[in-house]
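> Dropping the structure in here first, questions after.
The values are calculated or read from the model by the stated rules, or taken from the named source; none is laboratory data. Quick caveat, the model's predicted, so the values are computed rather than measured. Positions of Cβ are backbone-derived with ideal geometry, glycine not excepted, and every protein chain shown enters the neighbour counts. Only protein heavy atoms, including side chains, enter the accessible area calculation; ligands, DNA and RNA are left aside. Shrake-Rupley method; radii C 1.70, N 1.55, O 1.52, S 1.80 Å.
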Protein chains: 2
Amino acid sequence: MSATRPPDTTRMASEIAEQPAAVRRTLEALLPRRAELAAVAGSRPRVLFVARGTSDNAAVYGRYLLEVHAGVSAALAAPSVATHYRADLDLTDTVVVSVSQSGSTEEIVETQAWARSCGARTVAVTNIDGSPLATGADLALVTRAGEELAVPATKTYVGQLVAMATLASALAPRPGVLEEHLERAADEIERLLDGRAGVAELADRLAREETVLVTGRGLLLGTALEVALKIEETCLRPVRGYSYADLRHGPISVVGEGVTALLVAAQDGPLVQGMTELARDLRGRGATTIGIGGDTSFVEACDLGVEGPDLPEVVAPMGLIVPAQLAIEQTARTLGLDPDAPRGLAKVTRTEAG
Amino acid sequence: MSATRPPDTTRMASEIAEQPAAVRRTLEALLPRRAELAAVAGSRPRVLFVARGTSDNAAVYGRYLLEVHAGVSAALAAPSVATHYRADLDLTDTVVVSVSQSGSTEEIVETQAWARSCGARTVAVTNIDGSPLATGADLALVTRAGEELAVPATKTYVGQLVAMATLASALAPRPGVLEEHLERAADEIERLLDGRAGVAELADRLAREETVLVTGRGLLLGTALEVALKIEETCLRPVRGYSYADLRHGPISVVGEGVTALLVAAQDGPLVQGMTELARDLRGRGATTIGIGGDTSFVEACDLGVEGPDLPEVVAPMGLIVPAQLAIEQTARTLGLDPDAPRGLAKVTRTEAG
């Protein structure tokens with residue numbers, strides 16, 4: 001496959017840099033809508049997310065955040081249950097939250113309509129006001145990332161994370177600590193964009209011809225999956241994204257020399273110790289371990305540490321993705337690829353080939 | 001890593017061959033318990049599965065089967081929500097089904113206890129009568145696979161699939177077609193064990209040094225994930241398992257020459273056409289495509305077809321895993337590995353490193 005010559009400044013790089021503004025605008029637009037959100041949810045005790053790709057990775061964060069922070073049971077839907085099996089489920093106790101940057105992915109729009117016919121209240125999270133997903137929902141949370149032109153989503157992804165936090169804040173039984181930390185997220189993204197500690201080294205490692213895996217857990221699982229997807233679609237490198245537990249339950253057996261393991265962790269919370277032990281274990285098996293974020297022990301357990309945000313676990317995903325995005329954009333250019341238009345992907349994905 | 005010399009006959013091979021008997025015994029033991037299961041569930045409209053590894057792959061089948069066949073909303077739990085975040089969820093409307101071959105995996109036992117404290121009714125699916133998981137549940141479905149000694153689970157996995165079908169049958173609002181097809185599953189497994197059409201060719205392909213991915217969808221997604229996990233843990237080959245949709249939303253961009261794509265499909269149902277189109281697409285990108293099961297068009301779209309069972313989609317997973325198990329066991333031996341005791345894995349996995 002011949003590589004296209006990359007432009008000197010990419011749209012992806014510009015869009016990564018626009019994230020602090022995207023987060024601030026989205027927060028300003030969405031936080032005031034929490035009372036409306038609570039009214040749409042009513043006394044329904046459950047949330048079901050409908051999403052694919054990057055939006056699905058945002059929903060994975062939303063799922064943990066709702067359960068851990070808001071005490072609301074949450075799960076991810078299997079869209080084929082709606083679109084192909086046309087199952088007859090009772091969703092009268094459920095708020096269905098559909099997430100799609102474009103708001104036009106057919107499968108997601110169709111699943112939202114199905115959910116409504118099953119009795120669900122529906123919330124759409126999209127970056128496009130007036131899109132089919134937005135107009136078909138009981139309530140639309142429109143993120144304010146601005147138009148995104150690069151195929152790999154960046155600023156719309158952090159916009160979706162803000163929407164997830166807004167949802168958790170709205171459905172939590174009492175006001176929590178989420179809001180004050182959210183205010184700091186944009187500042188921390190800004191700091192990471194300027195600092196870039198460890199980013200060049202990470203990019204250098206990713207550009208080498210090696211087997212890469214990415215892992216995270218709990219509130220950071222979605223971030224790990226997003227890092228893996230972003231490397232794969234931007235750098236055209238096969239990468240595996242695993243939950244901590246899935247990795248330990250089998251795939252860890254194939255980790256050895258020649259594997260680069262990327263671990264994503266928050267600086268606090270109940271999971272960072274286990275991630276530190278995993279880093280030591282993977283390193284003991286011969287893998288090169290790179291840690292994004294984490295605490296001092298975590299960084300010491302890794303071969304390379306990439307600086308993460310000074311944010312608590314509950315909002316850390318908004319910052320932790322940033323150094324990875326920066327490195328991935330750089331890696332793509334090093335490899336002679338155009339990060340704005342990787343081969344074989346369209347901006348609006350059609351899950352149905354025909 | 002030096003390879004150990006494999007024995008002439010492996011435990012894994014014997015246990016694969018014992019699957020018709022395991023299925024018959026388990027059906028005989030579990031089907032009569034459907035009324036009890038329905039009583040434990042009462043009017044609770046939801047099922048939440050708790051599982052890891054191979055058991056999680058069985059639960060993925062259970063999840064689709066409950067939604068598609070029984071009209072019961074189902075989801076997979078995130079155990080860290082229980083074990084690390086100790087979230088306070090209201091599960092009084094939920095039946096929590098925990099799946100573990102040994103019934104001793106700490107994380108699963110702990111999550112079941114948490115679910116009970118959150119108000120859930122609990123059902124344990126395990127192969128070991130009297131295990132902590134079985135004794136801690138409101139009802140235990142003990143599979144009758146017999147003692148499993150090889151590290152890669154085979155006969156206990158098909159036993160778990162039978163338990164999933166029993167559960168769906170018990171919770172369905174009216175008797176369905178599931179039961180009559182279940183009676184034929186053991187016969188079809190027997191036929192596939194004798195016929196082995198395509199198995200040697202699949203084993204030969206897997207033994208070559210290539211990038212392998214496995215994909216499936218809906219009721220067959222769990223089978224695809226199990227094939228991927230089994231190759232990885234038995235043959236120590238890094239393999240990626242993807243849902244059809246996840247593959248289309250990104251990773252397909254890295255598929256090209258040198259990739260072997262293994263597609264799993266039923267001979268009927270609403271998804272086989274899409275899987276056929278995916279096979280053509282992957283082949284068009286230069287991948288070698290191997291189909292397990294499917295209909296005539298699906299087989300024609302693949303470079304190699306491996307015979308699947310003559311079973312409808314709803315119970316096809318019980319047969320479709322068999323040719324893959326046979327090939328994987330053979331591949332491990334070709335590679336000079338001992339399929340009974342792959343490096344780095346214990347029979348009872350401890351998710352917590354410390």
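> Identify the GluC sites (Glu not before Pro) of region B:124-184 meeting these criteria: DSSP loop state and at most 16 other C-beta atoms within 10 Å of the C-beta.
B:Glu147
> Something else: Could you tell me what percent of the accessible area of chain B is made up of carbon and sulfur, with a 1.4 Å probe and every protein chain present?
Percent of accessible area from carbon and sulfur atoms in chain B: 47.
> State the Kirkwood hydrodynamic radius of region A:267-313 in Å, one decimal place, computed from all pairs of distinct Cα atoms.
10.5
> Related question: So if I take the centroid of the Cα atoms in region B:96-151 and the same for region B:258-285, what is the distance between those two points in Å?
35
> Suppose you put the label 7 Å out from Cα in the Cβ direction; list, shortest first and in nm with one decimal, how far A:Glu147 is from each other copy's label.
7.0
> Continuing with the same structure: Per residue, how large is the accessible surface of the protein assembly as shown? Use a 1.4 angstrom probe and give square angstrom.
Averaged over the residues of the protein assembly as shown, the accessible area is 33 Å².
> If you don't mind, there's one more thing I want to ask. Note down the net charge around B:Gly176, summing +1 for each Lys or Arg and -1 for each Asp or Glu among other residues with Cβ under 14 Å from its Cβ.
-4
> Counting only the heavy atoms of the protein chains, how much of A:Asp338 is accessible to a 1.4 Å probe, in Å² to the nearest 10?
So the heavy atoms of A:Asp338 present about 30 Å² to solvent.
> Taking a quarter of the surface of the convex hull around the Cα atoms of the protein assembly as shown, what do you get in nm²?
Result: a mean projected hull area of 26.1 nm².
> Further, regarding this structure: Can you give the average number of partner chain beta-carbon atoms within 10 Å of each beta-carbon in peptide B:87-94, as a whole number?
Per-residue shielding by partner chains comes out at 5.
> Taking the Cα centre of chain A as origin, sum charge times position over the Cβ atoms of Lys and Arg (+1) and Asp and Glu (-1), and report the length of that vector in debye to the nearest 20.
560
> Would you mind giving the mean number of other chain beta-carbons within 10 Å of the Cβ of each residue in A:236-243, as a whole number?
4
> Using a 1.4 angstrom probe on the protein heavy atoms only, could you order B:Glu110, A:Glu107, B:Glu277 from most to least accessible area?
Descending order: B:Glu110, B:Glu277, A:Glu107.
> Label A:Asp88 and B:Leu31 with points 7 Å out from Cα along Cα→Cβ: what is the distance between them in nm?
Going by the 7 Å Cα→Cβ label model, 2.6 nm.
> Sticking with this structure for a sec: Taking amide H positions as placed in the peptide plane 1.01 Å from N, state which residues far from B:Leu262 in sequence (5 or more) or on other chains have amide H under 5 Å from it.
Correct list: B:Leu213, B:Val214, B:Thr215, B:Ile290.
> Share of antiparallel DSSP beta bridges in region A:85-221, in percent to the nearest 5?
Restricted to region A:85-221, the bridges split so that about 0 percent are antiparallel.
> Pop the C-beta distance of B:Thr135 and A:Ser43 into the FRET formula with R0 = 41 Å and round what comes out to the nearest 0.05.
E between B:Thr135 and A:Ser43, to the nearest 0.05, is 0.70.
> A further question follows. With springs connecting C-alpha atoms under 10 Å apart, model chain A as a Gaussian network and identify which of A:Ala168, A:Ala35, A:Ala74 has the largest mean-square fluctuation.
A:Ala35
> Could you grab the relative contact order for chain A? Cα pairs under 8 Å, six or more apart, rounded to a whole percent.
So the answer I get is 21 percent.
> For region A:184-264, which GluC sites (Glu not before Pro) are in a loop by DSSP, counting at most 15 other Cβ atoms within 10 Å?
Here the sparse-neighbourhood loop sites are A:Glu209, A:Glu210, A:Glu257.
> List the accessible area buried at the contact between A and B, summed over both sides and calculated with a 1.4 Å probe, in Å² to the nearest 100.
For chain A against chain B, roughly 5000 Å² becomes buried.
> Residues with beta-carbon under 12 Å from that of A:Asp295, excluding A:Asp295: net charge, scoring Lys, Arg +1 and Asp, Glu -1?
Here the count lands on -4.
> Taking 2.2 N^0.38 Å as the expected size of a compact globular protein, what ratio does the Cα radius of gyration of region B:2-154 give against it, to two decimals?
That works out to 1.11 for region B:2-154.
> Given the rotation relating B and A, tell me which residue in B puts its Cβ closest to the axis and the distance in Å.
Smallest Cβ distance to the axis, with its residue: B:Ala75, 2.
> Membrane-span-like helices in chain A: DSSP H runs reaching 15 Å or more (Cα, own axis), mean Kyte hydropathy at least 0.5?
TM-like helix candidates: A:155-171, A:221-235.
> Related question: Would you compute, from DSSP H runs of 4+ residues alone, the mean residue ellipticity of the protein assembly as shown at 222 nm, taking -39500 (n - 2.57) per run and dividing by the full residue count, rounded to the nearest 500?
Only helices count here, giving -14000 deg cm²/dmol.
> What ranking of B:Leu263, A:Leu76 comes out by heavy-atom accessible area, probe 1.4 Å, highest first?
Sorted by accessible area, descending: A:Leu76, B:Leu263.
> Full extension from B:Arg116 to B:Arg343: what is 0.36 nm times the residue separation minus their Cα-Cα distance, to one decimal in nm?
This chain segment gains 78.1 nm when fully extended.
> Same structure again: Placing a label point 7 Å from Cα toward Cβ, how far apart in nm is B:Glu36 from its equivalents in the other copies, listed shortest first to one decimal?
Label point to label point, same position, other copies: 5.2 nm.
> What does the copy distance list look like for A:Gly336, label position 7 Å along Cα→Cβ, in nm and ordered from shortest?
The projected label point of A:Gly336 is separated from its counterparts by 3.6 nm.
> Another question, if that's okay. For peptide B:45-55, what's the mean number of Cβ atoms from other chains within 10 Å of each residue's Cβ?
Across B:45-55, the average partner-chain Cβ count within 10 Å equals 3.
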